[in-house]
Each structure stands twice: as C-alpha cells, then as structure tokens.
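Note sheet for the following structure.
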Amino acid sequence: MSQKVLPTKINLIQFRRQLRLITVIKRLLENKREVLLLYLRTYASEYEKIYNEVNEEMKKVYESYLQAVASEGISNIEEIALSQKPSLEVSSSIKVIFGVKVPTIKLDKSTIPPKPFSDVETSPYLSESYEEMTEALNKIIELVELESTIRSLVSELRKTQRLINSIDNYILPFYRGSIKFIKQILEDRQREEFSRLKIIRRILQRRRESGSG
C-alpha cells in the first residue's frame, strides 16, 4: 500500500504527524481496555458472590416447597398458584460506566403479591417457602442486572480490542511502511541530486581549466 503514496516532503510530514496521533489513540484505547478489565473483574467477583447467595436462597425455597407439597399435596399447591394473577413489575433505566451504557433494574416491591393463603389453614412449610422466595427476589433481580452489566462491558471490551488489533495489524504498519518508503525515495533523490551536482561541478571545473589554458 505504501507504494501508492506520493513520495513528497509534505506527505512525509503529514504521515509522521498522523502516526503520532494514531499512537496516542492506541494508548488511550489500551488505557480504556485496562479500565474495562478492572470493572469486569469487580463485577464478576460481585456476580459470583450474589450467584452463590441466590443458589443458597433458592435451595431453601425448594426444600420448603417440597415439604409443603408433601404436607398439602401437589393439587392444592397448584390450585393456590393458578388462582394468582401475574403482578410483579420491574423498572429499568440506563446508567453509564466509563462510556458504556448498562441497564439498571429495580423490583417494585409493592407489586409482590400478598400471601394467598392462611398460615392456620395451610402447612407452615408453604408459608416459609413464600417468605424465602420473597426475600430471594431482590437478589435475583440484582443478579440479572449484574449479568446484563457484564455482557455490556464484555461487548465494549471486544470492540476496544478489535480497534487495537486493527491499529496494530493494519493502520500502524501502513503508516510506518509509507514513511519508510517516502524517506527512502527522498534520500535516493537527494543522493542522485548530490551526484548530479558533483558531475556538474567537475564539468564546470574542466571548462574553466581548459579556458585558462
């Protein structure tokens, strides 16, 4: 590609200036990559923590639920479940982390349905399962938000790395090759010009010498 560059001093100056600018851009992208990696490590650690907590919560919910099924019978449990209408609502918005848009998700606690049964009439395990599930909801929402955040950061990290790779593999080699090509042509021209001047001086010297003789 450098062979298509017009080998002039102006182009050499411009290409050197552009090379410096691209080097600065690459450094900024590398800094961005490091910050994104730092955020990812932090959020990944938090995700693992919340994930384990949710697993523990859901294990308790499942154990209580199975005990409730054993006490009440699956048909009674299904009847209670089918009598309820979907009511849970979450709100979402966008926040920006180091130039990356990530979602925020919040559960509207007022939409959590009240306990649809009496503690006196049903197994205490069913009530226990309901309360544990209610407590687990916030952590589940938090886990979803963290996962979405991590996905957004990973996507931005990949874009940043692709830009760095493009600069390293295509843009920088083009500019460096072009500068080398222009310098070589200009140096060759300078040597040719110097050689011509030496030849002209010799010719003029001989003419002066022959004229004086």
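Would you work out the relative contact order for region 83-213, in percent, from Cα pairs under 8 angstrom that are 6 or more residues apart?
19
Whole-Hz ³J(HN,Hα) for each residue in region 94-105, computed from phi via Karplus 6.51 cos²θ - 1.76 cosθ + 1.60 with θ = phi - 60°, x for glycine and proline: what do you get?
Values, residue by residue: 10, 10, 10, 10, 6, x, 10, 7, 10, x, 10, 10 Hz.
Return one quarter of the surface area of the convex hull spanned by the alpha-carbon atoms of the chain, equal to its mean projected area, in nm².
Result: a mean projected hull area of 18.7 nm².
Suppose accessible area is computed on protein heavy atoms with a 1.4 Å probe; arrange Val90, Val69, Val24, Val100 from highest to lowest.
If we order Val90, Val69, Val24, Val100 from most to least accessible, we get Val90, Val24, Val69, Val100.
Non-local amide H neighbours of Ile97 (under 5 Å, H modeled in plane, Pro and chain starts lacking H): which ones?
Sorted by chain and number, the residues that satisfy this are Val102.
What accessible area per residue, rounded to a whole number of Å², is obtained for the chain using a probe radius of 1.4 Å?
I get 71 Å² per residue for the chain.
Which of Pro103, Ser71, Ser118 sits farthest toward the positive end of the charge dipole of region 54-192, with +1 on the Cβ of Lys and Arg and -1 on the Cβ of Asp and Glu?
Of Pro103, Ser71, Ser118, it is Pro103.
Run the helix sum for the chain: -39,500 (n - 2.57) per DSSP H stretch of 4+ residues, divided by residue count, reported at 222 nm to the nearest 500 deg cm²/dmol.
-27000 deg cm²/dmol
Given the whole protein assembly as supplied and a 1.4 Å probe, what does the accessible area of Met133 come to in Å², nearest 10?
60
How long is the gain from Glu135 to Gln84 if the chain were fully straight, where each residue apart is worth 0.36 nm and the alpha carbon distance is subtracted?
16.5 nm
For region 139-202, what does the convex hull of the Cα positions come to per residue, in cubic angstrom?
Dividing the Cα hull volume of region 139-202 by its residues yields 47 Å³.
Would you list which lysines come within 19 Å of Lys60, measuring only between C-alpha atoms, while excluding same-chain residues fewer than 8 positions from it?
By straight Cα distance, Lys60 reaches Lys49, Lys115, Lys139.
Quick one: which of 108-115, 12-19 comes out on top by average Cβ neighbours within 10 Å, and what's the full order, highest first?
Top to bottom by mean Cβ count within 10 Å: 12-19, 108-115.
The values are calculated or read from the model by the stated rules, or taken from the named source; none is laboratory data. What you are looking at is a predicted structure, and each value in this text was computed from that prediction instead of being measured. Reconstructed Cβ throughout: ideal geometry from the backbone, glycine too, with neighbour counts over all protein chains shown. Note: areas computed on protein heavy atoms with side chains; ligands, DNA, RNA excluded. Shrake-Rupley method; radii C 1.70, N 1.55, O 1.52, S 1.80 Å.
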